[in-house]
Every structure is written in C-alpha cells, then in structure tokens.
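Trainee: Questions regarding the structure given below will be posed in turn.
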Amino acid sequence: MLIPCLIVAIVFHEFAHGYSALLLGDTTARDAQRLSLNPIRHVDPVGTLLVPGALAMVGAPVFGWAKPVPVRQDRLDNPRFGMMAVAAAGPGSNFVLALIGAIALGLFFPAGAQITSSGSEMSLIADGAGETLLVQSGMFYFILINVFLGVFNLLPIPPFDGSHIAEGLLPPSLARSYRKLRPYGMTLFFGLVALTWFAPEWGVLANTIGPPVNWALMQYLDIATAVAGG
C-alpha cells in the first residue's frame, strides 16, 4: 500500500519541478523527456523501490527519492528567485496532493466521523465510522507520505529542495559559502538514512521533522473530518 502512494507522490514532485522550470524559461526537463507523469521516466530502482520497501519492512519511516529532473538555473528568467520557485514547486505539489487525499478521505466516511491519527503507529481512528476499510487506510497513508515527503524535502541540506530555497534567501556572499556544502550533502543524507535504518531507537527523524509532520498531518485530518461533516 505504501509503495504505490510513494510512487505517485514522487512522480508528481518531480513533474512539478520540471513544469515550473518550463514556465520560468528552462526547457531542459522537456528536452530530456522528463516532463511526464509516466513513473518509468522518474523511478530510481534504489530510491523509489528498494530503500522505501526496506524501511517499511523494518517499521521505520518510509521515504525515498526519484531520478532528479534536470534544471538549468542559468536558463531561468530570474536564476536566483526562479530556482527558489522551482525548488518550492516539488514540496508544494505534495502538500496539494495531501489536500486532495484529505478531501477524498472525508468523503469516504459518514457524517459525524472524527478522523485522527494514533501517531507512530500510523493508524486511522474514525469514531462512529465503523471498521476502517483498506481504501480509507490507503488514503490516510497517501496523505502521510505526501506530508512527510514535502517536509523532508524542505530540509536545508543539499541536494534537498530546502537547500535551494535557503541559498536564494541568503546574501550572495553567504550563498557562495553555503554552495560549497553541496559535495557533502549526499554523505549527510545517507548518514541520516543509515541512522534511521540501523538505529531507529535514536529517533533522528522523529526529533527533527517529526513535530512539523505531525502538526501538518493533523491539519489535513481536520480537513477530512470537516468534509465528513464531523
């Protein structure tokens, strides 16, 4: 159930990068035939299938990545702010998908249902709604994965989208110094993956992005409850 939700979230995330770049003057993604919703064009066997599948099996938070959509910053109409917009479009698409999922989730419950999360177990409780169905659980996980992916990508760690946003916000002198961290970004990223995978008891992700993810998740579930008439 988690893998299809993750694939949809990642594909739209990468498409949003490419399409926003096209709107801002860079045709690189379109020229590389990456401006597509076809998952095959975006799936990374390791990041989209192997890593999230393994994390799901060990009960760790599920996340992954796709092949990055190529973007040429120098081709954007406004390279500095254009790159910020392109970077923000990816997480933005995930938050929009989460909103769509919340509305759909609310429509699947009867009036008066109270939809909440039990937190770490990622289960769904719907008071007065009877037994939770598979499709309802799937929608819940779809919301959760999109929220997690959106927040996770806003971390200011290269090559995450948050690093491009932070770089655009910094004064030019500090931005140049910050740019020098790019070669070490993937090392730090895989360090986070290793800690999450092999030392889940440390709660590396739970103590960093856990609070904003949980807060955002509750806002979306409140929307689902409102749609259900709860």
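Trainee: With the requirement that a residue be closer than 19 Å to residue 160 by Cα and either without any contact (Cβ under 8 Å) to a residue 12 or more places away in the chain or among the β-branched types (Val, Ile, Thr) (or both), what does the stretch 2-27 give you? Show your work before the answer.
Mentor: To start, the set of residues in the stretch 2-27 that are closer than 19 Å to residue 160 by Cα comprises 6-21.
Within the stretch 2-27, 7, 8, 10, 11 meet the criteria.
Trainee: Same structure again: Taking the condition of being out of contact with any helix residue (DSSP H, G or I) (no Cβ under 6 Å at 6 or more places or on another chain), on the phi < 0 side of the Ramachandran plot and not in a helix (DSSP H, G or I), how many residues in the stretch 188-216 meet it?
Mentor: Of the residues in the stretch 188-216, 4 are out of contact with any helix residue (DSSP H, G or I) (no Cβ under 6 Å at 6 or more places or on another chain), on the phi < 0 side of the Ramachandran plot and not in a helix (DSSP H, G or I).
Trainee: Can you name every residue in the stretch 162-201 that is in contact with a Pro (Cβ under 6 Å, 6 or more places away or on another chain) and within 22 Å of residue 51 (Cα to Cα)? Before you say what the answer is, go through the steps one by one.
Mentor: First, the residues of the stretch 162-201 that are in contact with a Pro (Cβ under 6 Å, 6 or more places away or on another chain): 162-163, 166, 181-182, 185.
Result: 162, 185.
Trainee: Can you tell me which residues in the stretch 120-178 are under 19 Å from residue 71 (Cα atoms), among the β-branched types (Val, Ile, Thr) and modelled with pLDDT of 90 or more?
Mentor: Within the stretch 120-178, 165 is the sole residue that qualifies.
Trainee: So which residues in the stretch 160-184 are exposed (fewer than 15 other Cβ atoms within 10 Å of the Cβ) and not hydrophobic (A, V, I, L, M, F, W, C)?
Mentor: Once the filter is applied, which keeps residues that are exposed (fewer than 15 other Cβ atoms within 10 Å of the Cβ) and not hydrophobic (A, V, I, L, M, F, W, C), the stretch 160-184 yields 171, 172, 173, 176, 177, 179, 180, 182, 183, 184.
Trainee: Would you mind stating whether residue 81 is crowded, with 17+ Cβ neighbours inside 10 Å, in contact with a helix residue (DSSP H, G or I) (Cβ under 9 Å, 6 or more places away or on another chain) and in contact (Cβ under 8 Å) with a residue 60 or more places away in the chain?
Mentor: Working: crowded, with 17+ Cβ neighbours inside 10 Å: no; in contact with a helix residue (DSSP H, G or I) (Cβ under 9 Å, 6 or more places away or on another chain): yes; in contact (Cβ under 8 Å) with a residue 60 or more places away in the chain: yes.
Considered against the rule, which asks whether it is crowded, with 17+ Cβ neighbours inside 10 Å, in contact with a helix residue (DSSP H, G or I) (Cβ under 9 Å, 6 or more places away or on another chain) and in contact (Cβ under 8 Å) with a residue 60 or more places away in the chain, residue 81 comes out as no.
Trainee: Additional query: Restricting attention to the stretch 24-49, which residues are touching an Asp or Glu at 6+ places or on another chain (Cβ under 6 Å) and loosely packed, with under 15 Cβ neighbours inside 10 Å?
Mentor: First, pick out the residues of the stretch 24-49 that are touching an Asp or Glu at 6+ places or on another chain (Cβ under 6 Å): 24-25, 42.
25, the sole residue that qualifies.
Trainee: When you look at residue 219, is it free of Cβ contacts under 8 Å to residues at least 24 places away in the same chain and either part of a helix (DSSP H, G or I) or farther than 17 Å from residue 90 by Cβ (or both), yes or no? Please lay out each step first, then the result.
Mentor: On the way: free of Cβ contacts under 8 Å to residues at least 24 places away in the same chain: yes; either part of a helix (DSSP H, G or I) or farther than 17 Å from residue 90 by Cβ (or both): yes.
Against the criterion (free of Cβ contacts under 8 Å to residues at least 24 places away in the same chain and either part of a helix (DSSP H, G or I) or farther than 17 Å from residue 90 by Cβ (or both)), residue 219 qualifies.
This table checks each residue for (1) more than 20 Å from residue 153 (Cα to Cα); (2) assigned to a helix (DSSP H, G or I); (3) modelled with pLDDT of 90 or more.
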position	(1), (2), (3)
10	no, yes, no
18	no, yes, yes
30	yes, yes, yes
43	no, no, no
48	no, yes, no
53	no, yes, no
64	no, no, no
89	no, yes, yes
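Trainee: Within the stretch 182-201, is even one residue small (Gly, Ala, Ser), closer than 30 Å to residue 102 by Cα and modelled with pLDDT under 85?
Mentor: Quick first cut of the stretch 182-201, residues small (Gly, Ala, Ser) only: 185, 191, 194, 199.
Okay, now just the ones that are also closer than 30 Å to residue 102 by Cα, so none.
Looking through the stretch 182-201, none of the residues is small (Gly, Ala, Ser), closer than 30 Å to residue 102 by Cα and modelled with pLDDT under 85.
The values are calculated or read from the model by the stated rules, or taken from the named source; none is laboratory data. Keep in mind that this is a model prediction, so the values were computed, not measured. Quick reminder, even Gly has a Cβ in these numbers, built from the backbone with ideal geometry, and neighbours come from all protein chains shown.
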